[in-house]
Structures are given as C-alpha cells and as structure tokens.
1. Could you run the Karplus curve 6.51 cos²θ - 1.76 cosθ + 1.60 with θ = phi - 60° over the range 33-45 and give me ³J(HN,Hα) per residue in whole Hz, x for Gly and Pro?
2. Show the residues, 5+ positions off or on another chain, whose built amide H is closer than 5 Å to the amide H of VAL72.
3. I need the phi-derived Karplus couplings for the range 143-150: 6.51 cos²θ - 1.76 cosθ + 1.60, θ = phi - 60°, integer Hz, Gly and Pro marked x.
4. Could you give me the ³J(HN,Hα) list for the range 126-141, computed from phi with Karplus coefficients 6.51, -1.76, 1.60 and θ = phi - 60°, whole Hz, x at Gly and Pro?
5. At a Cα cut-off below 12 Å, give the aspartates and glutamates reachable from LYS103, other chains included and same-chain residues fewer than 8 away excluded.
6. Counting only the backbone N, which residues of the range 128-159 are under 11 Å from the spot 7 Å out from the Cα of GLN81 toward its beta-carbon?
Amino acid sequence: MERKATVLPIVFASILSLLGTGAWAQAPARPSYGAEVNLETAKKIAAAALAEAAKNKWAVAVAIVDNHGMLVYYEMMDDTQTAGATISIEKARTAAMFRRPSKDFEDRVAGAGVGVAVLGLPGVTPIDGGLPIMAGGKVIGGVGVSGMAAAQDAVVAKAGLDALK
C-alpha cells in the first residue's frame, strides 16, 4: 500500500510535465493518401529534376516512390557520389510515407530537445531533398534527390514537382 502512495504522485507529476512540454500536443493534420504515382508521372518528375541538376552542373540521383515507399523510378547522373543512390530513395520514402518533406525532420533534429527522438523513428531520413508528390490534395508518392548539399538536392526535387503544375 505504501508503495502505491509513493508511485502515484510521481506518475501524475510526469504526465503533467509531458503536457507542459507540448510532447502530447496534437500533430498537424496531414493530407490523405491517394492513388499511387504512375510510371509516366514519375518519369516526368525525374526528367524535370535531372534537367535542373544538369543546368546547375550538379551530379545527383533522383528517386520516385509510390505512397507506400516502393520504388517506381530511379536515375543517377554520371559521377554522382555513390552514397546518393541509397540516400535519394530513403529521402523519397520519408516524404511519401510520413506525408511531409524530409526537411521537416531535419528541422526537428536541428532544434534538438524532443526533436532528437525523430532519430529513433524507423524509415526517417532527416535530410532536406525529399518531397511528397501531391495530386488532388492527396499524397501519391515522394521524390528524393541526393548527391549535392541538402539545400541543392531540395532545389532539384522541387523542380521535378514543378513539372506537374
């Protein structure tokens, strides 16, 4: 009995401290998933992204995944760093499966505190360069770019998405 009396206030104080830090705050609403991106759309995104990279003389890998994170299309430019191959796919998966830009996770990690817990989420690559592919307000896939600095990768990924407008 005495043990319960000691544990209960500790549990209650812990819950109050979590509520005070915003750790239990409601996450922003994310768009729903739509039909998966098709090959024709994936190639259109990749072509525009690769054109942007070539224009800037940036050697990159571009990956397009469906809304389940499965690879639909992939292309790597000559002389792209080898690590870019896998990283581009993982950035695309992060954007598609979590329905948000991979930069959102990078920003949370950079802010540290509770954000560092992001590193424990399976399938998260917290580096800029992954963007969700949207159609009709729904996530249909993700595009990921890797090979340059993360901000440059993001420019290339955005150029790919701009081809859909």
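Values quoted throughout were computed directly from the atomic coordinates according to the rules given, and no laboratory measurement underlies them. Bear in mind the structure is a predicted one, so any value in this text is a computation, not a measurement. So basically every Cβ, Gly included, is an ideal-geometry build from the backbone, and we count neighbours across all protein chains shown.
1. Whole-Hz 3J(HN,Hα) from phi for the range 33-45: 7, x, 5, 5, 4, 9, 4, 4, 5, 4, 5, 5, 5.
2. Those qualifying (amide H under 5 Å, at least 5 residues apart or on another chain) are ILE64, VAL65, ASP66.
3. Calculated HN-Hα couplings, in order: 10, x, 10, 8, x, 10, 5, 3 Hz.
4. x, 9, 4, x, x, 10, x, 9, 10, 8, x, x, 10, 7, 10, x
5. Result set, ordered by chain and number: ASP128, ASP153.
6. Flagged as within label range: 146-150.
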